[in-house]
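The structure appears right after this line, and notes come after that.
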Amino acid sequence: MRHLDEEMELLRKRLLSMAGRVEESIRVAIKSLKERDESVAKKVIEEDAEIDREEVGIEEKCIELIARYQPEARDLRTLIGVIKINSDLERIGDLSVNIACASLRLLEKPQLKPIVGLSQMSEVVAGMLKDSIRSFIDGDVKLARSVCVRDDEADAIRNHLIRELLTYMMEDPKTISRCMDLALIARNLERIGDLSTNISEDTIYINKAVIIRHHRAN
């Protein structure tokens, strides 16, 4: 299966490249929010089409390799894992677009303090995504498990933000539309954390043939 090994290595590199694009889309989306830059937000939206195209290409390549080589055991788990991770990355790209769209809506309104909490949350989930991909590339189960644990941290930041936004809305109804958009951004960041956790769970399955969804402590 030497040819399959070579094809799999190229596939890993291709997935890593796509992950880089997705990481950049998150960074730029948050930058558009912090710097209130319309052109930056629009860049995220425009470049999502390329992520979509690459997602389709990677999936088609995985299906081709399964059909051509009929792999078993770890090779088969890896190809199935790549299909799932590839899909999760595409969804993360979509979530970055959602953040950019919310950023555009917020441009003409005064900025609210909770933007600081969103910046903190974005750093946490961006780190989770980066480590989830690294754990897959390196076959690092320990790193994958650490990503799963950090999902609770992202959820805690999101819950704190929601409570803060609720206080703003109760004290000043004029902030409701802004607070709703900020809550939407927090929700999208939370979902990025969830999808990064999914990628880490798939990495553990590929390397250990163990499904840990719903019982992460195992």
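Annotation note: of Gly193, Gly117, the sole residue that is over 15 Å from the mean Cα position of the chain (by Cα) and either assigned to a helix (DSSP H, G or I) or not hydrophobic (A, V, I, L, M, F, W, C) (or both) is Gly117. Consider Glu123 carefully, then state whether it is without any contact (Cβ under 8 Å) to a residue 24 or more places away in the chain and not in a helix (DSSP H, G or I). Criteria not met by Glu123. Residues in the range 151-165 that are aliphatic (A, V, I, L, M) and surrounded by fewer than 20 Cβ atoms within 10 Å (Cβ to Cβ): Ala156, Ile162.
As a summary of the residue check, Gln111 satisfies the conditions (1) assigned to a helix (DSSP H, G or I); (2) closer than 26 Å to Val40 by Cα except for the one numbered (1). Taking the criterion of being over 18 Å from the mean Cα position of the chain (by Cα) and hydrophobic (A, V, I, L, M, F, W, C), the residues of the range 8-43 that qualify are Met8, Leu10, Leu11, Val40.
What do you reckon, is Glu9 farther than 21 Å from Gly127 by Cα and free of Cβ contacts under 8 Å to residues at least 40 places away in the same chain? When the stated conditions are applied, Glu9 passes them.
For the range 25-58, a tally of residues being within 14 Å of Ile192 (Cβ to Cβ) and not in a helix (DSSP H, G or I) returns 0. Filter the range 137-165 down to the residues that are of a type in the set (Asp, Glu) and in a helix (DSSP H, G or I), then identify the one that is farthest from Thr203 (Cα to Cα). Taking the candidates together, the pick is Glu164. Hey, does the range 96-107 have a residue that's without any contact (Cβ under 8 Å) to a residue 24 or more places away in the chain, under 25 Å from Arg36 (Cα atoms) and either surrounded by fewer than 18 Cβ atoms within 10 Å (Cβ to Cβ) or touching an Asp or Glu at 6+ places or on another chain (Cβ under 6 Å) (or both)? No. Total residues in the range 15-73 satisfying the condition of being touching a residue at least 24 places away in the same chain (Cβ under 8 Å), surrounded by 15 or more Cβ atoms within 10 Å (Cβ to Cβ) and farther than 25 Å from Met128 by Cβ: the figure is 6. Tell me, please, whether a residue that is modelled with pLDDT under 95, in a helix (DSSP H, G or I), surrounded by fewer than 18 Cβ atoms within 10 Å (Cβ to Cβ) and within 20 Å of the chain's Cα centre (by Cα) can be found in the range 166-179. Checked the range 166-179: no residue is modelled with pLDDT under 95, in a helix (DSSP H, G or I), surrounded by fewer than 18 Cβ atoms within 10 Å (Cβ to Cβ) and within 20 Å of the chain's Cα centre (by Cα). The residue list Ile204, Ile199, Ile162, Ile137 contains one member that is modelled with pLDDT under 95, under 19 Å from the mean Cα position of the chain (by Cα) and not basic (Lys, Arg), which is Ile137.
Taken together, the residues in the range 118-139 that are crowded, with 18+ Cβ neighbours inside 10 Å and either in contact with a strand residue (DSSP E or B) (Cβ under 9 Å, 6 or more places away or on another chain) or within 24 Å of Leu166 (Cβ to Cβ) (or both) amount to 5.
The values are calculated or read from the model by the stated rules, or taken from the named source; none is laboratory data. Keep in mind it's a predicted model, so treat the numbers as computed, not measured. Reconstructed Cβ throughout: ideal geometry from the backbone, glycine too, with neighbour counts over all protein chains shown.
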